[in-house]
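Notes to accompany the following structure.
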Amino acid sequence: MDILCEIEKILKNMNITTLFQPIISLSDCRILGYEALSRGPIDSPLYLPSDLFSAAKKYNKTWELELACRVTAIKNSKTLSPDKFLFINVDPEIIKSQNFQTSFSKEYLAKYNISPKNIIFEITERTAISDYKAFSKILKNYTSQGYKIALDDTGSGYSGLQTISETKPHYIKLDIELIHNIDRNNFKKLLVKSFVDFSKAAKLKLIAEGIETEGELKVLIDLGVYAGQGFFISKPNHDFCEIPESVKKIIITYNKLKKDYFNFRKYKIGTIAENYSSFDRKVSCSDLKNYFNKTSFTGACIVENSSPVGLVMKHTLDSVLATQYGVAIFSKRPVELVMDKNALVVDYNTSINSAAKMAMQRDTDKIYDYVIVTKNNTYYGIVTIKNLLEFTVTIEKNYAKELNPLTGLPGNILIEKTLSDILNSNESFCVLYLDLDNFKIYNDVYGFENGDKILKFTANTIKDCLLELFTFKNFVGHIGGDDFICIIKASLEECYKVSQLIIDRFDSGILKFFNEIDSKNKYIVGLDRKGVEDKFNLTSISIAGVYGNIAEFNTSVNLALYVSKLKKKSKLQRHSSYIIEEIKN
């Protein structure tokens, strides 16, 4: 078939197949909107989008194809609920044209009962953005009309930090390659976690594309990604479909498991907030100036119907009034004209550490501005940066005191606190005790300095294995000597899996700590407790644990005694092994 004739026929008849893929909240399963995905006619050799757009590019028909895709998507979206968004892919070069502006005029959208507020331009990276200044100006024109911007394919192609910085999107869509097998890739987890932290600080929404497995979905929920889409959630459909109940159940279940049991620095920002006076947005600049002059406060929250809408810092108001004619122009006018409408606002339950990170990630000229705290979406109080940093430093100092100096893992006080928390939770956990075999003889033969290296290796192996399988939902502690503890919120099968993973990684990595002869022999020669020379197996690791509602043990001492008996059984194997006993309630 003549491809040129086929593409011309498709464009002439506007014969585009539009499919809609739902984008859902990963916290409560709500459908936020749908991405419009364009294909050729079902019976056409250009049905696949890659073939369709390649042909258009080859024959210089890209603009015509983009127009056909947009028009068809809008026509097919007339039944879209007004509380849902429509994500439409747009090439950076196309959005600049006058024809594009016409096809997204309010009058045109009104024909299909669609508001600009429902449209999100998904900026694709088929071409690079050559002039950021001009491009940003164009985007600002659209956002002023109510449209929103999403940056597509972040993590691949041209989508870098400059694009995010210059376009200031409302949404960032993480590329499918970044999401693929994220449950098996620690580097990807850490990279996405950095995007999550950034998006929260910058007040952007993060969307993960290409979710294809339950494992990927679980990790993204654990990391706190805002929304997602992909074949595992729902394949593209001709209609605005709902997502399957089975997927909803999985998302709800994993969100219930997200409770953070293992964060010792989970103090809430609301606990250090001070209830400074707030002011209505219509209060005059002179009245607020008088307030600052009569008090020691250097900032004020501006509210509307008890909800924060901005912040005015004393130095900002002083700068405005100090300009030529500043007093005459602004003195009697409302503070809403000079307030910062993008002030940092956090919920009462936000952790102090998270709030501190968000505060420090602000622009330099705002870094000392107050943090506004809300409770039930209404103004609660203010936290100054001085108080925030002082409290954060105190938390970190107290936490650091309780870490094992060799491995950097939590020591016995934090271990005891964690055990106490889960003993009182009435929920199921897995508690693993890990102990090295023939470690004393290793110290005798190779010296304590090398023994310390093995302890560090063991600590890192345990942490890495748990991070690989459970993201950040676990606890690892160093009891002392060669004894460690893990507490995991997961299924019994997953606990078996991580135990075996730790053993496999330990056994393969431990050989580097022995000389060539001992590694080859699989034993070392040393003195036993009676001073008699004997052969000893290479250092191995024994894991013993319990799974279930450990509240049955009442105290951590009872738990430790019980697991000690299990550990003796594990050590009888004379090689690395694990044993986990399920508690039957």
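Taking the listed residues L151, L178, the one that is modelled with pLDDT of 85 or more, closer than 18 Å to D197 by Cα, part of a helix (DSSP H, G or I) and in contact with a helix residue (DSSP H, G or I) (Cβ under 7 Å, 6 or more places away or on another chain) is L178, with no other qualifying. On the stretch given as the range 214-256, residues that are basic (K, R) and at positive phi total 0. The residue list Y433, Y446, Y442, Y370 contains one member that is farther than 30 Å from K463 by Cα and either at pLDDT below 95 or of a type outside the set (A, V, I, L, M) (or both), which is Y370. Would you say F475 is surrounded by 21 or more Cβ atoms within 10 Å (Cβ to Cβ), outside the structural domain of I221 (by TED's automatic domain parsing), over 15 Å from I580 (Cβ atoms) and modelled with pLDDT under 95? Yes: the conditions hold for F475. Taking the criterion of being surrounded by 14 or more Cβ atoms within 10 Å (Cβ to Cβ) and modelled with pLDDT of 80 or more, the residues of the range 129-144 that qualify are L139, Y142, T143. The set of residues from the range 199-213 being surrounded by fewer than 18 Cβ atoms within 10 Å (Cβ to Cβ) and either in contact with a helix residue (DSSP H, G or I) (Cβ under 6 Å, 6 or more places away or on another chain) or within 12 Å of I179 (Cβ to Cβ) (or both) comprises A201, E212, T213. Looking across the range 33-43, the residues that are surrounded by fewer than 20 Cβ atoms within 10 Å (Cβ to Cβ) and either in contact with a strand residue (DSSP E or B) (Cβ under 7 Å, 6 or more places away or on another chain) or not charged (D, E, K, R) (or both) come down to L37, R39, P41, I42. Of all residues in the range 471-493, exactly one satisfies the criterion of being touching a residue at least 60 places away in the same chain (Cβ under 8 Å) and assigned to a helix (DSSP H, G or I), namely L492. Take A68 and tell me if it is among the small types (G, A, S), touching a Ser or Thr at 6+ places or on another chain (Cβ under 6 Å) and not assigned by TED's automatic domain parsing to the domain that holds A110. No; evaluated as a whole, the condition is false for this residue. Looking across the range 293-332, the residues that are more than 29 Å from K203 (Cα to Cα) and either among the β-branched types (V, I, T) or surrounded by 12 or more Cβ atoms within 10 Å (Cβ to Cβ) (or both) come down to T295, L321, T323, G326, V327, I329, F330, S331.
Pull up the range 321-363, narrow it to residues that are polar (S, T, N, Q), out of contact with any helix residue (DSSP H, G or I) (no Cβ under 6 Å at 6 or more places or on another chain) and touching a residue at least 24 places away in the same chain (Cβ under 8 Å), then point me to the one that is nearest to G270 (Cα to Cα). Break it down stepwise before answering.
Just the residues of the range 321-363 that are polar (S, T, N, Q), to begin with: 323-324, 331, 342, 349-351, 353-354, 361.
Filter again for out of contact with any helix residue (DSSP H, G or I) (no Cβ under 6 Å at 6 or more places or on another chain), leaving 323-324, 342, 349, 351, 353-354.
Those left that are additionally touching a residue at least 24 places away in the same chain (Cβ under 8 Å): 342, 349, 351, 353-354.
Numbers: N342: 20, N349: 6, S351: 9, N353: 12, S354: 12 Å.
Going through the qualifying residues, I end up with N349.
For the residues V196, V225, the requirement of being of a type in the set (A, V, I, L, M), within 9 Å of the chain's Cα centre (by Cα) and assigned to a loop (DSSP other than H, G, I, E, B) singles out V225.
Mind checking which residues of the range 411-430 are of a type outside the set (D, E, K, R) and either modelled with pLDDT of 95 or more or assigned to a loop (DSSP other than H, G, I, E, B) (or both)? Quick ask: steps written out before the conclusion?
Residues of the range 411-430 of a type outside the set (D, E, K, R): 411-415, 418-420, 422-426, 428-430.
Scanning the range 411-430 gives G411, N424, S425, N426.
Any residue in the range 218-246 that is free of Cβ contacts under 8 Å to residues at least 24 places away in the same chain sitting within a Cβ distance under 6 Å of a residue that is crowded, with 20+ Cβ neighbours inside 10 Å and assigned to a loop (DSSP other than H, G, I, E, B)? List the pairs, counting only those 6 or more apart or interchain. Filtered contacts from the range 218-246: F232/I211. Scanning the range 11-48 for residues that are in the same structural domain as K218 (by TED's automatic domain parsing) and more than 24 Å from F121 (Cβ to Cβ) returns S27, D28, C29.
The values are calculated or read from the model by the stated rules, or taken from the named source; none is laboratory data. Not measured: the values here are computed from a predicted model. We place every Cβ from the backbone using ideal geometry, glycine too, and count neighbours over all the protein chains shown.
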